[in-house]
1. Does residue 22 fit the bill of being touching a residue at least 40 places away in the same chain (Cβ under 8 Å), surrounded by 10 or more Cβ atoms within 10 Å (Cβ to Cβ) and over 30 Å from residue 131 (Cβ atoms)?
2. Do we find a residue being without any contact (Cβ under 8 Å) to a residue 24 or more places away in the chain, touching a Pro at 6+ places or on another chain (Cβ under 9 Å) and over 26 Å from residue 156 (Cβ atoms) anywhere in the range 30-46?
3. For the range 127-162, what are the residues that are under 20 Å from residue 93 (Cβ atoms), of a type in the set (A, V, I, L, M, F, W, C), out of contact with any Phe, Trp or Tyr (no Cβ under 7 Å at 6 or more places or on another chain) and outside any loop (DSSP other than H, G, I, E, B)?
4. Among the residues in the range 50-71, are any over 30 Å from residue 6 (Cα atoms) and in contact with a strand residue (DSSP E or B) (Cβ under 8 Å, 6 or more places away or on another chain)?
5. Only one of these is under 22 Å from the mean Cα position of the chain (by Cα) and either exposed (fewer than 12 other Cβ atoms within 10 Å of the Cβ) or closer than 30 Å to residue 45 by Cα (or both): 56, 155. Name it.
6. Name the residue, out of 67, 11, 29, that is at positive phi and surrounded by 16 or more Cβ atoms within 10 Å (Cβ to Cβ).
7. Report the residue count in the range 86-99 for those that are open to solvent by less than 70 Å² (accessible area, probe 1.4 Å) and either in contact (Cβ under 8 Å) with a residue 12 or more places away in the chain or of a type in the set (Lys, Arg) (or both).
8. When the range 113-126 is examined, which residues are found to be open to solvent by less than 40 Å² (accessible area, probe 1.4 Å) and outside any helix (DSSP H, G or I)?
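The values are calculated or read from the model by the stated rules, or taken from the named source; none is laboratory data. A quick note: this is a predicted structure, and the numbers were derived from the prediction, not measured. Backbone-built Cβ (ideal geometry, glycine too); neighbour counts: all protein chains shown. Note: accessible area is taken over every heavy atom of the protein model, side chains too, but ligands, DNA and RNA are not part of it. Shrake-Rupley method; radii C 1.70, N 1.55, O 1.52, S 1.80 Å.
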Amino acid sequence: GLVAPPPDYSGGKGVADAPNTVLTINASGGSFVHSAYALGADVPESAARKALFDVVNIITDVAAAVGESNLGEDKPFIPTRYRFQARVVDQAELDSQQPAHTIVDWPALTTLPLAKAATCAMVDAGAVGSLLVDAKQNTFFRDGAAVYQISAAGVLPGDSEC
């Protein structure tokens, strides 16, 4: 019954910091978004909320839902590309950093100057090695005469380029 417009999932009242549980199903030429506030908090739940709660619990255990033999080896994802943006930081901002900052050189292998990464840029993981993985919040990057702060994320399979 989830490949249909969602029923009334009202409930979960009086739970101050509970999240919305959202299940989106793209099938049969449509997109069906089922959203319930504080799912599992009401006792007893309405029939619609209980049905959604049961499905969410079933698909949370992927191995049980699809069969262990249908899964590949469990291993960490190692990105081959990173999407990132860089912004110039001034000396006053660096001096105010606590704990003290670290500045590392941006690798020449990237062939991408950080000045061209103000909104979104892509870089091969091999060009930066472990530089982005090893970076901490107080790690900054020198490229030419400027120092930059970088926000980066590994590109997941199916992600779009910038």
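1. Working: touching a residue at least 40 places away in the same chain (Cβ under 8 Å): no; surrounded by 10 or more Cβ atoms within 10 Å (Cβ to Cβ): yes; over 30 Å from residue 131 (Cβ atoms): yes.
Judged against the criteria, residue 22 is not a match.
2. Here is the first cut: in the range 30-46, the residues without any contact (Cβ under 8 Å) to a residue 24 or more places away in the chain are 31, 40, 43-44.
Filter once more, so that each one left must be touching a Pro at 6+ places or on another chain (Cβ under 9 Å): none.
The answer is no, given that none of the residues of the range 30-46 is without any contact (Cβ under 8 Å) to a residue 24 or more places away in the chain, touching a Pro at 6+ places or on another chain (Cβ under 9 Å) and over 26 Å from residue 156 (Cβ atoms).
3. Within the range 127-162, the first condition is being under 20 Å from residue 93 (Cβ atoms), and the residues that meet it are 135-152.
Add one more test, that the residue is of a type in the set (A, V, I, L, M, F, W, C), and what stays is 135, 140-141, 145-147, 150, 152.
Right, trim to out of contact with any Phe, Trp or Tyr (no Cβ under 7 Å at 6 or more places or on another chain) and you get 135, 145-146.
Matches in the range 127-162: 146 only.
4. Within the range 50-71, none of the residues are over 30 Å from residue 6 (Cα atoms) and in contact with a strand residue (DSSP E or B) (Cβ under 8 Å, 6 or more places away or on another chain).
5. Numbers: 155 fails: either exposed (fewer than 12 other Cβ atoms within 10 Å of the Cβ) or closer than 30 Å to residue 45 by Cα (or both).
None of the others qualify; the one that does is 56.
6. Values: 67 fails: surrounded by 16 or more Cβ atoms within 10 Å (Cβ to Cβ); 29 fails: surrounded by 16 or more Cβ atoms within 10 Å (Cβ to Cβ).
Exactly one of 67, 11, 29 is at positive phi and surrounded by 16 or more Cβ atoms within 10 Å (Cβ to Cβ), namely 11.
7. 4
8. In the first step, residues of the range 113-126 are kept if they are open to solvent by less than 40 Å² (accessible area, probe 1.4 Å); the result is 114, 117, 121-123, 125.
Across the range 113-126, the qualifying residues are 117, 121, 122, 123.
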